[in-house]
1. Bin by bin, in steps of 10 Å, what percent of the Cα pairs in segment 9-119 do you find, going until the bin that has the longest distance?
2. Based on the Kirkwood radius over alpha-carbon pairs, what value in µm²/s does the Stokes-Einstein equation return for the translational diffusion coefficient of segment 84-204 at 4 °C and 1.567 mPa s?
3. Explain nothing, just the number: relative contact order of segment 71-196, from Cα pairs under 8 Å at least 6 residues apart, as a whole percent.
4. Mind checking the log10 I(q)/I(0) for segment 120-191 at q = 0.13, 0.21, 0.24 Å⁻¹? Debye, one equal scatterer per Cα, no solvent, two decimals.
5. What residue among 134, 31, 120 has the largest mean-square fluctuation in a Gaussian network model of the chain, using Cα springs under 10 Å?
6. What label, among (i) 0.99; (ii) 1.09; (iii) 0.95, belongs to Rg/Rh (Cα atoms, Kirkwood Rh) computed from the structure on display?
7. How would 100, 61 line up from fewest to most surrounding beta-carbon atoms within 10 angstrom?
8. Could you give the length gained on full extension between residue 152 and residue 181, defined as 0.36 nm per residue of separation minus the Cα-Cα distance, in nm?
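Read the figures in this text as sums done on the coordinates, not as results from a lab. Model, not experiment: these values are computed from the prediction. A quick note on method: Cβ atoms are made from the backbone with ideal geometry, for glycine too, and the neighbour counts reach across all protein chains shown.
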């Protein structure tokens with residue numbers, strides 16, 4: 001039976017391998033990263049990498065699972081109508097954009113690998129769909145309170161989320177959002193258009 005110290009050391013090695021793997025995968029891409037390089041950066045023997053994760057693919061999926069675990073963040077993600085939809089959605093838009101673009105290298109890596117192997121989408125889809133579920137709940141509540149014009153909650157959630165997801169894609173693959181600087185003013189401006197629409201009242 002392993003000692004407490006032995007279990008602690010094993011956990012430390014696993015975390016070091018995952019830390020090294022995410023850094024190197026983001027720097028060099030999946031194909032350009034070897035298990036030997038990961039082992040060297042993690043200060044373990046290469047055999048330890050295989051013993052803990054089986055294959056390089058197994059290690060990559062362990063990285064994806066750890067880095068896309070947003071359960072705690074979603075549980076703390078408060079989004080309920082306060083009576084001011086512009087303020088509500090501006091706040092959540094700023095939070096989403098900040099969280100999304102803080103890991104652009106990882107997002108680019110994951111999307112590149114998903115494009116090569118679409119079956120990997122199942123391992124990462126819980127993150128965006130979790131956010132969409134929170135947004136959908138907000139619009140359902142807004143409908144119930146008479147704050148919205150009985151919009152389709154899912155469609156409204158996708159439309160809102162898509163603005164920020166587009167910014168994430170542009171920043172990840174082009175280095176910056178080439179269409180707009182997504183600062184606080186731009187977020188609020190988008191939210192006002194989203195909430196109020198662009199068409200004036202049609203006069204007869």
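1. 13, 37, 26, 15, 8, 2
2. Details: Rh = 15.7 Å.
Value of D from the Cα-based Kirkwood radius: 82 µm²/s.
3. Details: 83 pairs, mean separation 44.3, N = 126.
Averaging sequence separation for qualifying contacts and normalising by length gives 35 percent for segment 71-196.
4. -0.48, -1.00, -1.09
5. In the Gaussian network model the winner is 31.
6. (ii)
7. On the way: 100 22, 61 17.
Fewest-to-most ranking of 100, 61: 61, 100.
8. Details: separation 29, 0.36 × 29 = 10.44 nm, distance 2.91 nm.
So the extension gain works out to 7.5 nm.
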